[in-house]
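Colleague: Next up is a structure, given as structure tokens.
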Amino acid sequence: MKFKIALAAGTALLIAAPAAAADFSGLRAEITTGRASDAVETDLDNGTNPFSRKQDDVSFGLEAGYDLDLGSAVVGPYVGVDFPNVDDCDAVFGSDEFCYKAKRNYALGARAGFKIGGPILAYGKVGYSSGRFKSVYTDLTDPSADREGSDTQRGIHFGGGVEVAFASLYAKAEYLRTEYDEGDLGHDVARNQLKLGVGLRF
């Protein structure tokens with residue numbers, strides 16, 4: 001609920017931004033907060049159907065980039081890191097338990113956008129992601145079947161958002177989708193994120 005209120009306030013701030021010219025060029029750095037929702041599918045086998053679950057929680061991140069202002073359009077690369085607080089356990093196959101934890105995620109990509117009035121920039125982004133994950137499977141009736149491991153899963157991310165400039169400062173609201181490969185843990189992971197961010201241009 002708190003994040004929904006913050007998102008609504010951020011959206012109102014973007015809409016109420018003054019219609020003045022803005023320069024979207026140069027180096028930038030920002031901090032973000034938001035909500036991360038992970039959909040996990042894994043074949044725990046055990047003679048039954050594959051197991052799937054969804055879990056969401058707050059996330060925090062940092063991003064830095066360089067933008068080139070082409071007049072009506074803006075393009076540029078970026079790098080970032082996220083720390084999603086997605087961590088939970090579920091009962092599976094009766095008394096067994098599956099625990100999943102998402103750790104840090106690195107991102108590298110590029111974005112392109114168009115100015116849609118004064119200091120407002122609408123943009124899309126796409127890039128490469130590298131996320132760290134941990135899972136623990138506990139079989140309470142057969143300890144020899146217990147499994148635990150950590151792995152780095154790689155994939156692509158894509159999404160878009162709206163950014164508003166306030167002199168050298170800016171604020172943004174963004175949606176991001178990340179799809180990871182299976183990795184050594186055998187988990188298919190897809191992440192949806194809603195982010196709010198504030199940053200500084202140098």
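The values are calculated or read from the model by the stated rules, or taken from the named source; none is laboratory data. In this text the structure is predicted, and so the values were computed from the model without any measurement. Cβ coordinates were reconstructed from backbone atoms using ideal geometry, including for glycine residues, and neighbour counts include every protein chain displayed. Each accessible area value is taken on the protein alone, full model and side chains, heavy atoms only, with ligands, DNA and RNA left out. Shrake-Rupley method; radii C 1.70, N 1.55, O 1.52, S 1.80 Å.
Colleague: Residues to consider are Val126, Val136, Val75, Val81; find the one that is farther than 19 Å from Glu174 by Cβ and of a type in the set (A, V, I, L, M).
Modeller: Val136
Colleague: Before we move on, is Leu185 open to solvent by 20 Å² or more (accessible area, probe 1.4 Å), part of a strand (DSSP E or B) and either touching a residue at least 40 places away in the same chain (Cβ under 8 Å) or over 29 Å from Ser52 (Cβ atoms) (or both)?
Modeller: For Leu185, the condition - open to solvent by 20 Å² or more (accessible area, probe 1.4 Å), part of a strand (DSSP E or B) and either touching a residue at least 40 places away in the same chain (Cβ under 8 Å) or over 29 Å from Ser52 (Cβ atoms) (or both) - is not met.
Colleague: Residue pairs, Cβ under 7 Å, 6 or more apart or interchain, first in the range 132-146 and among the acidic types (Asp, Glu), second part of a loop (DSSP other than H, G, I, E, B) and surrounded by 15 or more Cβ atoms within 10 Å (Cβ to Cβ). List them.
Modeller: From the range 132-146, the pairs are Asp146/Asp139.
Colleague: Could you look through the range 120-145, keep only residues that are assigned to a strand (DSSP E or B) and β-branched (Val, Ile, Thr), and pick out the one that is surrounded by the most Cβ atoms within 10 Å (Cβ to Cβ)?
Modeller: Ile120
Colleague: Output the residues belonging to the range 69-97 that are surrounded by fewer than 18 Cβ atoms within 10 Å (Cβ to Cβ), under 17 Å from Leu108 (Cα atoms) and not β-branched (Val, Ile, Thr).
Modeller: Result: Pro77, Phe83.
Colleague: Say whether the condition of being of a type in the set (Gly, Ala, Ser) and over 18 Å from Val198 (Cβ atoms) is met by at least one residue in the range 53-69.
Modeller: no
Colleague: Go through the range 101-116 and report how many residues are farther than 30 Å from Val74 by Cα and either at pLDDT below 85 or open to solvent by 10 Å² or more (accessible area, probe 1.4 Å) (or both).
Modeller: So the answer is 2.
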